[in-house]
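A.B. asks: Provided herewith is a single structure, encoded as structure tokens, for subsequent inquiry.
The values are calculated or read from the model by the stated rules, or taken from the named source; none is laboratory data. Predicted model only: the values in this text are computed from it and were never measured. So basically every Cβ, Gly included, is an ideal-geometry build from the backbone, and we count neighbours across all protein chains shown. Ligands, DNA and RNA are stripped out before the accessible areas are found, and what is left, the full protein with its side chains, is counted by its heavy atoms. Shrake-Rupley method; radii C 1.70, N 1.55, O 1.52, S 1.80 Å.
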Amino acid sequence: GDTIFALSSGHGRCGVAVIRTSGPGSGGALQTLTGHPELPPPRVLVLRRIRDPVTAETLDRGLVVWFPGGVGSSSWCPTRGSSCPGRGLGVPGGLSGALPGFRLAEPGEFTRRAFRRGKLDLTAAEGLGDLIRAQTEAQRRQALRQMGGDLGRLYQRWSDTLTQALAHLEAYIDFSEDDNVEEEVLCQGEGWHRAGGGLGHPLPAVPHPILTTTSLSSIVDGTVRALEQEIGAHLQDGRRGELLRGGVHAVIAGPPNVGKSSLLNLLCQRPAAIVSPVAGTTRDVLEVSLNIGGYPLVLSDTAGLRDATDPVEQEGVTRARDRLQQADLVLAVLDATSVPTEPTGLGAALGSLLPPTAPPCILVLNKADLLRGSEGTLRDTCTQGDPLPPTTLLSCKTGKGLDHLLELLGRQLARLCGDPLAGSPSLTQTRHSLHLGDCAQELARYHRERRRDLGLAAEGLRVARRHLGRITGHVGAEDVLDIIFRDFCVGK
């Protein structure tokens, strides 16, 4: 293959520039650029003079490191990375202009080559992309775990389980109900599957006692049923991984002129929204991204909810209600000076704002600075719990109560997103959910066909395993590669 290069450290002025190459010409380029006939020791940083490949003029001095690969192998590309100060940014231009066979890498091409070499699967590549785009600490942790292979290993274990179940089922099909199936017969039936079943992942040899075909059937049934339950639990995780990856979408909702835009400005610490004493100022949806306690929050300010007569305001109210239907979390804002002080009445006022199937909610009673004798009563009401959601008093004018609101927000975000390092790795991509859903349907198909046609039941297991392979990229990866790598930067 050809040799590619890119500036991995990003463009613009910087203290250190990292230039990365990959391909069979990397070693020769390193020798040409440094003027040394010998390559440095593998995986050891050495100081070298970086020269123009045409004029031999010194461009800079920098550290170079050489990563040799399988010399002579058409599928392995030796890689060389070099780093030099920012004033040496002319080196990439020199590579393309003076070294034959060199071209600028496409976005994500280095990672794509690693995938094709089997160094990582698609879930790990997606984890790397998420790590590049991570904006909060929790996002970084989840992406790093996925890039490390935890999610891929989970799906591969399920695929291996299906491979073995399919081998048992084929053995069951091959013998009559009165036959015993000896270990060597199972070994013959599993030979292709232990070679990876076309996935390239050999399975460990598992000794089997002499089994009847009836007991084989029970083994397969139990294995498929357990796998169904595990995949079902994985799918029903409340979209924790997807919420953490893309951000929890929260909507600020409430009647006009209760301080919704003021709350948005207070949370993002800047005048993002226009604030006016005139009711109905906010017409469109205003969206900002925040980092709350390490969790990503996408916060939307919306029009005040009321029966508007102005056509523009009516459209704003419609959009606000649409956002409420799509929200993962609602910050319901009410005027603390005009709400009932007892929990039942306050709950009724809140219920009139929210749709019947409202997402989790935090009730914010704003304008607490205007309260007089009723502040103590309302403060007691805020701690009542049911029938009220988490509730807090707040003054957007003075900032009093902000710490408690941030504490409540942090708890809700932690509950929605979970701990990215705890338990089984979470789903992070919609395509994972789709393939796992299809896999679960094929496992259900196995049970339907089990009594009628074992051949069709076995085909259900084959298709289920194929869907798992599509997630990791061991099956049919070409149609999703461009989608996965298109958002990578050039040097990754």
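A.B. asks: Can you list residues from other chains, or at least 5 along the same chain, whose modelled amide H is less than 5 Å from the amide H of Asp60?
C.D. replies: Distant-sequence amide H within range of Asp60: Ile50.
A.B. asks: Tell me the trypsin sites (Lys or Arg not before Pro) within segment 12-53 that lie in a loop according to DSSP and have at most 12 other beta-carbon atoms within 10 Å. Let's see the in-between values first.
C.D. replies: Numbers: sites: Arg13, Arg20, Arg43, Arg48, Arg49, Arg51; in loops: Arg13, Arg43.
Hits after loop and neighbour filter: Arg13, Arg43.
A.B. asks: Also: Starting from the 7 Å offset along Cα-to-Cβ, what nm value, one decimal, do you get for the label separation of Val475 and Arg270?
C.D. replies: 4.7 nm
A.B. asks: Which whole-angstrom value gives the distance between the alpha carbon centres of segment 23-69 and segment 407-474?
C.D. replies: Here the two parts' Cα centres lie 47 Å apart.
A.B. asks: By accessible area of protein heavy atoms, probe 1.4 Å, what ranking do Leu378, Leu370 get, highest first? Kindly include the intermediate steps, with their values, before the conclusion.
C.D. replies: Working: Leu378 0, Leu370 95 Å².
Greatest to least solvent exposure: Leu370, Leu378.
A.B. asks: Another question, if that's okay. Tell me, in nm to one decimal, what length is gained between Arg372 and Thr337 on full extension, where the rule is 0.36 nm per residue of separation less the Cα-Cα distance?
C.D. replies: 11.7 nm
A.B. asks: Obtain the nm distance between the two label points defined at Asp2 and Ser352 by a simple spin-label model: each point lies 7 Å from its Cα along the Cα-to-C-beta direction.
C.D. replies: 6.8 nm
A.B. asks: Report the FRET efficiency, 1/(1 + (r/R0)^6), for Gln441 and Arg415, where r is their Cβ-Cβ distance and R0 is 30 Å, rounded to 0.05.
C.D. replies: With a Förster radius of 30 Å, E is 0.50.
A.B. asks: At most 15 other Cβ atoms within 10 Å and a DSSP loop assignment: could you name the trypsin sites (Lys or Arg not before Pro) in segment 104-163 that fit? Each step should come with its number before you reach the end.
C.D. replies: Details: sites: Arg112, Arg113, Arg116, Arg117, Lys119, Arg133, Arg140, Arg141, Arg145, Arg153, Arg157; in loops: Arg117, Lys119.
Listed in order of number, the matching sites are Arg117, Lys119.
A.B. asks: How much length is gained on full extension from Arg452 to Ser218, taking 0.36 nm per residue of separation minus their Cα-Cα distance?
C.D. replies: On the way: separation 234, 0.36 × 234 = 84.24 nm, distance 1.60 nm.
Full extension from Arg452 to Ser218 adds 82.6 nm.
A.B. asks: To continue, here is another question. Around Gly473, which amide H atoms from residues at least 5 apart in sequence, or from another chain, sit under 5 Å from its own amide H, with H modelled in the peptide plane?
C.D. replies: Placed amide hydrogens put Leu122 under 5 Å from Gly473.
A.B. asks: Applying a 10 Å radius around every beta-carbon, put 291-299, 466-474, 318-326, 440-448 in order of their mean neighbour count, most first. List each step's numbers first, then the result.
C.D. replies: Numbers: 291-299: 19.3, 466-474: 24.3, 318-326: 15.8, 440-448: 17.3.
Per-residue mean Cβ counts within 10 Å order the peptides as 466-474, 291-299, 440-448, 318-326.
A.B. asks: State the extension gain, in nm to one decimal, for the chain segment bounded by Glu106 and Arg61, taking 0.36 nm per residue of separation less the distance between their alpha-carbons. Could the numbers behind the result be given before it?
C.D. replies: On the way: separation 45, 0.36 × 45 = 16.20 nm, distance 2.71 nm.
That works out to 13.5 nm of additional length.
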